[in-house]
1. Need one word for segment 141-320: rounded, prolate or oblate. Basis is the Cα gyration tensor (sqrt eigenvalues a ≥ b ≥ c); a/c below 1.5 gives rounded, then a/b vs b/c decides.
2. Distance from a point 7 Å along Cα→Cβ of Glu307 to each backbone N in segment 267-291: keep the residues under 20 Å and list them by number.
3. What nm value, rounded to one decimal, do you get for the distance between Asp409 and Lys10 when each label is placed 7 Å out toward the C-beta?
4. I need the Kirkwood Rh of segment 178-254: take the reciprocal of the average 1/r across all distinct C-alpha pairs and report it in angstrom.
5. Subtract the Cα-Cα distance of Asp209 and Thr194 from 0.36 nm times their separation in residues, and report this length gain in nm to one decimal.
6. Can you check what the net charge comes to around Phe117, using other residues whose Cβ is under 14 Å from the Cβ of Phe117 (Lys, Arg +1; Asp, Glu -1)?
7. Suppose every K and R has +1 on its Cβ and every D and E has -1 on its Cβ; what is the size of the dipole of segment 141-320 about the Cα centre, in Debye to the nearest 20?
8. Distance in nm between label sites at Glu393 and Lys152, each 7 Å beyond Cα in the beta-carbon direction?
Amino acid sequence: MKLNKENIIKEITSIVNKTEIYDIHTHLYPEGFGELMLYGFDEMITYHYLIAETLRIIDIPYSDFFAMKKRDQADLIYKTLFIERSPLSESCRGVLTTLKMLGLNINSQNTQEYREFTSSFSAKEYTNLVLEKANIKKLVMTNDPFNNIERKIWKYKPDIDSRFKSALRLDFLINDFKSARHTMLRMGYNVTSTLTGLTKREIKRFLHDWIVKTNSLYMAISVPPDFTLLENSSRAIIIEECVLEVSYELNVPLALMIGVKRQTNPELDLAGDSCGKANIETIEYLCKKFNKNKFMVTMLSRENQHELTILARKYRNLFIFGCWWFLNNPSLIKEITTFRTELLGLSYMPQHSDARILDQLLYKWTHNKDIITKVLIKKYNKLLDVGWELTTEKIEEDVNRLFYKNFEDFLNLKL
């Protein structure tokens, strides 16, 4: 079907809404992972975004809040942010969008009704419901071999929902090797406190074993704004001489999530993390020196986004993705998606959910698709203005690239 000024809005909106999604970075788990699988109203309303927003307002010690039962925390957050005030923040609006998409009355303010709705489903049924409504075909978990609970689950070869793919998370190994090595020793890897040749071989064996065990699509590291490899640190040595060697050998990308300042306010627990501007030269160094390796990068500071996009024009082994964490707000998503499209065309991944609670997939992708749709409509209209012919079929291919195919193509890329 040929598109024109009269039908372009309707057609692009329809295409975006029906295109299946590959959510390439989440913290979600299927039912086989037991307590690691988080879903339902109480989990959604006590998410750390909403905790931070609430504790700006209520006058109680942080420790008193965290000593409360989860259900009581949920009731307090709902009362503070949804009843006493209008829920204008993106996190609050997300809760309302989610409840509405589940068919619940958002104006009833009946939290018990919301809880009972979730409990009427099994974990598998609820997973199916959410993934179908969000139109998620596949998603990627965050799998941490240093997490005691998760490590035990992998030991017994869990039956994993085929829609859930793995990514090997290495924060503990990279950022705190002195502590990580004790866990590795208990797992049978002969690592010492110094990075000898034997220790580096054992780290590589560990990485290889866990990539195979979990069938991970990529390795991932979250690092602070001052992240650099131009230093004689254990972090630099492990990344360059262990992680990147295994990454190249197995053709498994390294995903770098750069810019998080952990525990700026430790009393807030997970809600106490912040962000800072990072040095783009570290990414340039990696892409240039390790030009046969593949890097997936997202950065937390708005100020880094333009230079990251420019760098992606120069190196095809750099794949940028998503508006991460504090950037996952409509005004910023619109700005970042617009200039990424202007500079990179269709060769990036505009979004991932970063969801920790299954329900969050509903609002995050609904809100994101709305913004991406508006950006695409403007860009395609510019093509119509100069006389370029557009068809429904061509735009379907384009949107599939942005939501799905670009990631699979990058995984299979041989450099």
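Just so you know, all these numbers are worked out from the coordinates, no wet-lab data involved. Source: prediction; values computed, not measured. FYI the Cβ positions are ideal-geometry reconstructions off the backbone, even for glycines, and counts take in every protein chain you see.
1. Details: a/c = 1.39, a/b = 1.30, b/c = 1.07.
Since a/c stays below 1.5, the shape of segment 141-320 is classed as rounded.
2. Output list for this probe position: 275-290.
3. For Asp409 paired with Lys10, the spin-label model returns 3.0 nm.
4. 13.1
5. 3.2 nm
6. Details: positive: Lys100, Arg115, Lys133; negative: Asp42, Glu43, Glu113, Glu116, Glu125, Asp359.
Net charge around Phe117: -3.
7. 560
8. 5.6
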